[in-house]
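Q: The structure follows.
Readers should treat all values here as calculations from the given coordinates under stated rules, not as data from a laboratory. Here the structure is a predicted model, which means the values were calculated and not measured. Glycine gets a Cβ as well: all are built from the backbone with ideal geometry, and neighbour counts include every protein chain shown.
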Amino acid sequence: MTVLDVLQSTTAYFKKRNIDSPRLNAEHLLAHSLGRTRMELYLEFERILEETELAPLRELVRRRGEGEPLQHLIGTVEFCGQVFLCDKRALVPRPETEELVELLIADCGLRNAERILDVGTGSGVIALSLAKKFPEAQVSAVDVSDDALALARENAARLGLNERVRFAKGSLLEEFHERFHVIVANLPYIAMQDRHTLSREVLHDPESALFAGENGDALIRALIEAAPSHLEPGGLLALEIGIGQSEGLMGLLTLKNYHDICPKNDYSGVTRFLFAQYG
């Protein structure tokens, strides 16, 4: 079989298995398996593949067809222009979280932030992206998972940021006594009762990174309540939230005396982010 034959047959298989973007998935897996870039594949369409090249690809295609995330299979994910390691130890970074970081970077006020904290850092993509963009800032990151923190530290080392980003194990803010100019969080926000609505891919993520209480917003609410004592006067709390949670969470922010509360939509029009200042 040629490279083109394999791409076409794999794309057809993924369509039958209801894999989103089947051709793109096929290209990523074949490129990864052959040690090529996707663009290089287009220069080799007529090349005949040996059985030694096809065997490992078949296993990857089988696992992807069963719903294992593409990012787990190739071991990396691109986020805000950087390549991060990605595996089952932490949540696969979502495009919405990339939007959250882009919104923070676009806010010129963040350029004066001396201390930034990423709560529930997972693979570290938020903390490391902000550290890369704002080299003068002191960036800290916390997570309850040893596995996630190990992955985040590996990503920090790959990006040359292991000396600049401080990682800590703990729940929310309990490990910190100082105040921050910015606290950002992409915490679990799915209700356990909504588990049946999730895709096969999402269910490969750690449950602790997905679910938070009966309504899905338990951890976000806890952070809103805890953050004031950890924010500098006028400090910013930036949150990624679940569908339908904005009204209740904005009410809590108001009740807890936050001000300049600003909801923002993601690219699909869902109110996905909340920004609020305190003090």
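Q: Working out 0.36 nm times the residue gap between ILE48 and GLU136, then minus their Cα-Cα distance, what length gain in nm do you get to one decimal?
A: That works out to 26.5 nm of additional length.
Q: On the principal axes of its Cα set, how long, how wide and how thick is segment 144-214? Give whole Å, largest value first.
A: 41, 28, 19
Q: Using Cα pairs closer than 8 Å and at least 6 residues apart in sequence, work out the relative contact order for segment 171-279, in percent.
A: Reported relative contact order: 29 percent.
Q: Give me Rg/Rg_expected for segment 3-66, where Rg uses Cα atoms only and Rg_expected = 2.2 N^0.38 Å with N residues. Kindly include the intermediate steps, with their values, before the conclusion.
A: Details: Rg = 10.8 Å, N = 64, 2.2 N^0.38 = 10.7 Å.
Compactness ratio reported: 1.01.
Q: Can you give me the relative contact order of the chain as a percent, contacts being Cα pairs under 8 Å and 6 or more apart? Walk me through the intermediate numbers first.
A: On the way: 488 pairs, mean separation 37.7, N = 279.
14 percent.
Q: Let me ask another. In nm, give the distance between the simple-model label positions of GLU175 and ASP147, each being 7 Å from the Cα along the Cα-to-Cβ direction.
A: Distance between label points: 1.8 nm.
Q: Using only helices, what value at 222 nm comes out for the chain when you add -39,500 (n - 2.57) per DSSP H run of length 4 or more and divide by the total residues, to the nearest 500 deg cm²/dmol?
A: -11000 deg cm²/dmol
Q: Okay, next question. What's the magnitude of the charge dipole for segment 76-278 around its Cα centre, counting Lys and Arg as +1 and Asp and Glu as -1 at the beta-carbon? Answer in Debye, nearest 20.
A: 260
Q: Take the eigenvalues of the Cα gyration tensor for segment 1-132, scale each by 5, and report the square roots as semi-axes in whole Å, largest first.
A: On the way: eigenvalues 251, 45, 31 Å².
After diagonalising the Cα gyration tensor, the semi-axes are 35, 15, 12 Å.
Q: What is the distance, in nm, between label points placed 7 Å from the Cα along the Cα-to-Cβ direction at THR37 and at GLU66?
A: A separation of 3.3 nm, rounded to one decimal place.
Q: Normalised by the empirical 2.2 N^0.38 Å for globular proteins, what value does the Cα Rg of segment 91-212 take?
A: 1.06
Q: Mind ordering 45-51, 74-80 by average Cβ neighbours within 10 Å, highest first?
A: 74-80, 45-51
Q: Can you give the Kirkwood hydrodynamic radius of the chain from its Cα pairs, in Å with one decimal?
A: 20.1
Q: Considering only DSSP beta bridges whose two residues both sit in the chain, what percent are antiparallel, to the nearest 5?
A: Counting DSSP beta bridges with both partners in the chain, the antiparallel share is about 45 percent.
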